[in-house]
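All remarks here apply to the structure that follows.
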Amino acid sequence: MKVIRLTEEQKDLLVGKEYTDDVTFNPILDGTGNWFITTLERDNLTKDEFNWIKDLEEIDLI
Amino acid sequence: MIIQPYSYQSNNIQSSDPATAFNTAAGITGSTATAITQLVSDLKTNGLWDKLIIIYPFVGGTATSTKFNLKNPQNTNDAFRLTYSGGFSYSVSGVTGSSNALANTNYNLGFQNTLFQQGINMSIGAYRIDQKLTPTGQPTNRLYIWGDITNVNSTSYSYWTFTGTTNHNFENGLTSSGAVNVTGQTGTTGYFVSNRISTTSHKAFKNGVQFGNTNSSSNGYPGTFYTWPSRNNPMGLFVAANDGLGNYNSDPTINFFHLGYGLTDTDVANLYTIVQTFNTTLGRNV
């Protein structure tokens, strides 16, 4: 399954912030210590201030 | 002065009728609104309305429309609205979680020292529509419906797991010895209910019929384990614990959920009939 990889700094920018009405980002760590969000959070994004996540790398969830 | 039996205020709209209040708050109209009205009527007629604390009908197909508690459709955490975090898919058929999904009910099992909130006089039900024969990506290939989002591991005292199609596990405010473990099942869809009516009677039901054995083990109460503030345990859907690693988040599809007081076997059967009728009206029954 593909997920969106985040740096620590990017994770801090997203925690607890709404990506669409009534739903917040929920970055978590994968088995190798990478922060990630799901592609659902990117695909359902409606808040323009977070458009930069559309350019982030997809990785396989481990 | 006329005193109305129910009065809700949501988004500055007041209504004496809970169905109208819910439909207004959630933006529900047309045939779905009519189905909500019928659902409330059926629950009241069968003496179930007052036994339930939370009802999420998951209608409307958005995060906003599905977050409201039919029993108290105010846009506040105190009214037990759902707070979504992580990846979700929303449709008129229901809500689907993901590997980081967490829907906080804002209901706290440890908040008050009552039999209900100790999990001794409590029922929990979820109508699940996805058939996952071989779940992957979770510890020991489990799927989770409900659990304690403050716990960091699997020792949560109230959670459900579905391991493949055959093994269903229902914890309900208990130690593990009080769980109902059901084996030999053929699928993961249906209206599942976990119901405890005393310290020594815990039953599980599928589609209104008991399955598995009644667990008569004492749940270990009284003690400090369940008591506020030593236990601050908001309960979530699509999650069994919150270890920050996604190990206990999950992706079932649910389109009805209830939390309430302990029910009689007849109550559970009637509740299933009502929910099944509701979902059939909406074309999303299994």
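Under a plain spin-label model, where a point goes 7 Å from the Cα along Cα-to-Cβ, how far apart in nm are residue B:214 and residue B:264?
Modelled inter-label distance: 1.4 nm.
What FRET efficiency would be calculated for the residue pair residue A:59, residue B:45, taking the C-beta separation as r and a Förster radius of 41 Å, to the nearest 0.05?
Working: r = 53 Å, r/R0 = 1.29.
Between residue A:59 and residue B:45 the formula returns 0.20.
Enumerate the lysines that residue A:47 could reach by cross-link, defined here as Cα to Cα under 23 Å, with residues fewer than 8 away along the same chain left out.
Correct list for residue A:47: A:2, A:11, A:17, B:67.
At what distance in nm do the modelled label points of residue B:29 and residue A:12 sit from each other, each positioned 7 Å from its Cα along Cα→Cβ?
4.6 nm
Sort B:123, B:216 by Cβ crowding within 10 Å, fewest neighbours at the top.
On the way: B:123 26, B:216 11.
Fewest to most other Cβ atoms nearby, the residues stand as B:216, B:123.
Per residue of chain A, what 222 nm ellipticity follows from adding -39500 (n - 2.57) for every DSSP H run with n ≥ 4, rounded to the nearest 500?
-4500 deg cm²/dmol
What lysines sit close enough to residue B:44 to cross-link, taking a C-alpha to C-alpha distance under 20 Å and skipping anything fewer than 8 places away on the same chain?
B:71
For chain A, with only Lys/Arg (+1) and Asp/Glu (-1) charged at the beta-carbon, what is the dipole magnitude about the Cα centre, in debye rounded to 20?
For this selection, approximately 100 debye.
Rule-based calculations on the coordinates, nothing more; no lab input. The structure presented is a predicted model; accordingly, all values stated were derived computationally and were not measured. When we count neighbours, we look across all protein chains shown, and the Cβ atoms used for this are built from the backbone with ideal geometry, even at glycine.
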